[in-house]
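Just below is one structure, and these are the notes that go with it.
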Amino acid sequence: MLFKIRVSMVLSLVAFVLINNLAVPARATDDISAKSALPLDRLVGKRIGDFRLKDVQNGKEIWLYGFAMGNRSLGGILKVKRIEGVVLVFVSPGCPIGEKYLPRLKEIAKEYDAKGFKFFGLASNSGDSPDDLKKWANENQLGFPILYDARNVIADALMVERINEVIVADGTAQIRYRGAIDDQYGYTTTRQKPENNYLKTALDAVLAKQFNQLVQKGTDVAGCKLTKMTPEPSKLDGVERVRGVSDDIAAFYDKSEPAPEVGKVNYAEHVASIVQNKCQNCHRPGQVGGFSLMTYDDVRKKSAMIGEVVDDRRMPPWHADPRFGHFSNDRHLSAKDRATILAWVEQGAPLGDPAKVPVAKTWPEGWTIGTPDLVFELPESNLIPAQGTVPYYMLSVPTNFKEDMWIQAAEARPEDPGVVHHIIVYAVPPGANRGRVIGEGRGHLCGYAPGDMPSIYPPGTAKRIPAGSNLIFQMHYTPNGKQSKDRSKVGLILAKKPPEREALTVGIANPGLMIPAKAESHPVHSEQKFKNEVRLLAFMPHMHLRGKSFKYTLEVPDQKPEVLLSVPAFDFGWQSYYTLTKPLALKPGTVMKCDATFDNSDKNRANPDSSKQVRWGEQTWEEMMIGYIDIDFPIPPTAPKPTDKTADGAEPATLLKRSE
């Protein structure tokens, strides 16, 4: 009997400990296990990604960025109350310490609603259904909406781990504080009253616009750990990383470049040089290729796959129609090289005489432009959530240049290419303000997107970075199902002598695009007229997942239109620069026309949602249509000084004018 009592007491004690450890989290000061492995102030200073979630009580949709409209001129006309900020508090029925905080949250929400703050409870725990949440919300009458976060998308996007965490954002959705409501309740202790009212302190700082005076921008949270669902796999999983050329181009190559007989071939005398010249630029350590092809053993182990992608014309990636234009960076294999690789694979991938293997090519570590003279990287690593929307980051890095610098080549490199949708690096002179624009002008230094995108200029041409400029990194991250971090960088090679011409990147875009649902080949057009004579150097078409084809056509007065570049099978997974073999002079009055098509149908395996009409937007599931071109023009004896109004320096309108 005594034994049974003791067992019962032990089991009761175990149950008590389990309940308290599973359901009643601790204050930061008295429970080490509640501490997050992530930085307490993660994402503070960054914007919350937009979302639309439904209120479980009335079914109405809450649109986060919609509140910003009330802060604009229209809101004043309609006498809409100004929103000073939003508070997101993560809730779940049945969390004991969470239930303790409900009355306080109700009081704070009521007090600060009058001061212009909107409170929202986010229910992200996978075990909570909308019906249960509605019943719980009705019982507690909190006075603010409870939003159902299906599959914990918003919780993941904000890197939230526990119930009771609050996130305070200002009127621009920029996070100013995250963490505990206060420090009254914990696992093992409860104070009579809180010593630190973290939430109220943060709200007062936002109201007073005194963000920098917040001593604690992040605190440990006392709350039940969220049970989360695994992020859904990307629709791009299973889709080929790089597309092959269009059927039309493949047929043209087969007819115009028939495969010759190559006889017996081996790696040492025939294949190694092809691999060095056409493959190793990407297939080496630290590059985008994913695996190395630096040695015979590397190549032999991948020989079957190499044979397949060469036969399909997926590799090397080159999507330009060969009937238009000539490009110095053309990667496509000649008929002889292609036949040689296919024959080598078919013959069992023999090595041949090892002594005849070419001397290994020397590659600069981590770069395709060569070893940079200067490297600038982001001030710190950015934490990237597993899922959700990540707004653009605009991050400044000082150059500390004492004089104007001329850039012969520039290359932006991500630390984690798996989450970087794109990088654009701008050079912003002192006193200038880099707004978000589409036609880039002088501020645009270089960019990165999946594929091959270094900026390399011909001898005598360079881009100018004015003295004292900052480099602004526009970072667009796309979560891929796993939490990650990224610290991107840019490498610069300086011109070895004063250039004669200045390079400029121009984006010829149509931000008014509207792609109907289910449209299989929807056309979108943009164009640019040149006022003065310039030289055309290169092209870089940019679209997102629905991009199908892109074409640049030059129209010169009194001449027949000429197609300069056609990409019949645009590949979001590999967005190439197309550099002209010889710069092309463009006369005044010349018009560059860009014509793209988009596939918003079910036939597009990468299509995020064929049922939706698609407009211009920053995110991958939205669309863009930009025909980037690089041009150059003579540098006057006294180079123009940047204005104090724009990062574009001397107004590019002196060279260009938008066609109506």
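Before moving on, here are some points about what is shown:
- Tally of residues being among the small types (G, A, S), at pLDDT 95 or above and farther than 12 Å from A222 by Cβ across segment 163-207: 3
- Residues (outside any helix (DSSP H, G or I), of a type in the set (A, V, I, L, M) and over 21 Å from R42 (Cα atoms)) located in segment 194-217: A208
- Identity of the residue in segment 361-395, of a type in the set (S, T, Y) and open to solvent by less than 30 Å² (accessible area, probe 1.4 Å), that ends up farthest from L64 (Cα to Cα): Y393
- Here M305 clears all of (1) touching a residue at least 12 places away in the same chain (Cβ under 8 Å); (2) under 20 Å from G573 (Cα atoms) except the condition numbered (1).
- V420, sole failed condition from (1) farther than 20 Å from F572 by Cα; (2) modelled with pLDDT of 90 or more: (1)
- Residues that are under 18 Å from G289 (Cβ atoms) and not in a loop (DSSP other than H, G, I, E, B) were ranked within segment 413-425; the one that is least open to solvent (accessible area, probe 1.4 Å) is V420.
Rundown of residues vs (1) in contact with a Phe, Trp or Tyr (Cβ under 7 Å, 6 or more places away or on another chain); (2) at pLDDT 95 or above; (3) not in a loop (DSSP other than H, G, I, E, B), yes/no style:
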{"residue": "M305", "(1), (2), (3)": "no, no, yes"}
{"residue": "M315", "(1), (2), (3)": "no, no, no"}
{"residue": "F324", "(1), (2), (3)": "no, yes, no"}
{"residue": "D330", "(1), (2), (3)": "yes, no, no"}
{"residue": "D337", "(1), (2), (3)": "no, yes, yes"}
{"residue": "T340", "(1), (2), (3)": "no, yes, yes"}
{"residue": "A343", "(1), (2), (3)": "no, yes, yes"}
{"residue": "G348", "(1), (2), (3)": "no, yes, no"}
{"residue": "W363", "(1), (2), (3)": "no, no, no"}
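- Segment 130-148 residues that are over 18 Å from I62 (Cα atoms), paired with ones that are part of a helix (DSSP H, G or I) and open to solvent by less than 60 Å² (accessible area, probe 1.4 Å) (beta carbon under 7 Å, 6 or more apart): N140/L102
- When the residues of segment 613-648 are filtered to those that are crowded, with 23+ Cβ neighbours inside 10 Å and either modelled with pLDDT under 85 or among the acidic types (D, E) (or both), the one that is farthest from P391 (Cα to Cα) is P642.
- When L492, L536 are checked against the criterion of being more than 26 Å from P322 (Cα to Cα), modelled with pLDDT of 95 or more and not in a loop (DSSP other than H, G, I, E, B), a single residue qualifies: L492.
- On the stretch given as segment 282-314, residues that are open to solvent by 60 Å² or more (accessible area, probe 1.4 Å) and under 31 Å from the mean Cα position of the chain (by Cα) total 9.
- Yes/no for A519 being among the small types (G, A, S) and surrounded by 15 or more Cβ atoms within 10 Å (Cβ to Cβ): yes
- Of all residues in segment 168-193, those satisfying the criterion of being crowded, with 17+ Cβ neighbours inside 10 Å and assigned to a loop (DSSP other than H, G, I, E, B) are G171, A173, A180, I181, D182, D183, Q184, G186, Y187.
- If you go through segment 456-487 and pick out every residue that is modelled with pLDDT under 90 and small (G, A, S), you end up with 1.
- For segment 162-172, the condition of being without any contact (Cβ under 8 Å) to a residue 12 or more places away in the chain and among the β-branched types (V, I, T) holds for none of the residues.
- Cβ-Cβ distances below 7 Å connect the following pairs, each with a first residue in segment 381-394 that is on the phi > 0 side of the Ramachandran plot, a second residue that is assigned to a loop (DSSP other than H, G, I, E, B) and open to solvent by 20 Å² or more (accessible area, probe 1.4 Å), and a separation of six or more residues or different chains: G388/P479.
- Residue tally, condition assigned to a loop (DSSP other than H, G, I, E, B), surrounded by fewer than 18 Cβ atoms within 10 Å (Cβ to Cβ) and not charged (D, E, K, R), over segment 570-603: 4
- Taking each residue of segment 519-532 that is over 28 Å from K587 (Cα atoms) and looking for partners that are surrounded by fewer than 20 Cβ atoms within 10 Å (Cβ to Cβ) and charged (D, E, K, R) with beta-carbon atoms closer than 6 Å, six or more apart or interchain, yields nothing.
- Every residue from segment 512-539 that is farther than 27 Å from D609 by Cβ and among the aliphatic types (A, V, I, L, M): V534, L536, L537, A538
The values are calculated or read from the model by the stated rules, or taken from the named source; none is laboratory data. In this text, all values refer to a predicted model and were calculated from it rather than measured experimentally. Heads up, the Cβs are rebuilt from the backbone with ideal geometry, glycines too, and the neighbour counts pull from every protein chain shown. Ligands, DNA and RNA are excluded from the accessible area calculation, which covers all protein heavy atoms including side chains. Shrake-Rupley method; radii C 1.70, N 1.55, O 1.52, S 1.80 Å.
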